[in-house]
């Protein structure tokens, strides 16, 4: 049995439940989700968040979490980031935004060992946290075997072609090249962070990846 972290974007959360359940039939699965389409202010995948805006962010995450848990069914356990034990560090230039750092998450691990499916909304008390970086931190913190980013795009595209695999050095060089744009930037950055922590990552559509 493998331990997986599955990050689903807000745009695909509703239709990700089938893939999550397929994975959870054989493996331990922790789901981490975003709420991008539900939140308007964005900067490189992270939200510029004021105190007033944070209430909108939390409501948006709560709505996505409730819908995703309902779609997954009775094994799901919805958690906000603070309830999951997420450790964060502030990003002052983005307002009430923080980045997640890898720490042990005993509550999440206990739920996995009980064959539950934790579904983590990455907002915490007083801070909005980018879901991609949170997924990488959670994957490292619970000792995951793999991190899967399930999205509405085919994956990492370079020169018009989907990249089947990329090593850490090449991924870091690509991030530094300035040629990427949009939502792939925080996802690849999070995949790099996970790989540095010993967790391989996959980026692609909501279908369950092989391997």
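The numbers here are math on the coordinates, done by the rules we state, and not lab data. Not measured: the values here are computed from a predicted model. Cβ coordinates were reconstructed from backbone atoms using ideal geometry, including for glycine residues, and neighbour counts include every protein chain displayed.
Observations on the model:
- Distance between the pseudo-spin-label points of residue 70 and residue 103 (7 Å out from Cα toward the beta carbon): 3.3 nm.
- P(r) tail fraction, the chain - alpha-carbon pairs more than 33 Å apart, %: 7
- When both bridge partners sit in segment 3-205, DSSP labels roughly 25% of those beta bridges antiparallel.
- Placing pseudo-labels 7 Å out from each Cα toward the beta carbon at residue 113 and residue 14 gives an inter-label distance of 3.8 nm.
- The stretch between residue 179 and residue 152, if pulled fully straight at 0.36 nm per residue, gains 7.7 nm over its current Cα-Cα span.
- Quarter the surface of the alpha carbon convex hull of segment 50-131 and you get the mean projected area, 5.2 square nanometres.
- Long-range Cα-Cα pairs in segment 95-194 (distance over 23 Å), rounded percent: 33
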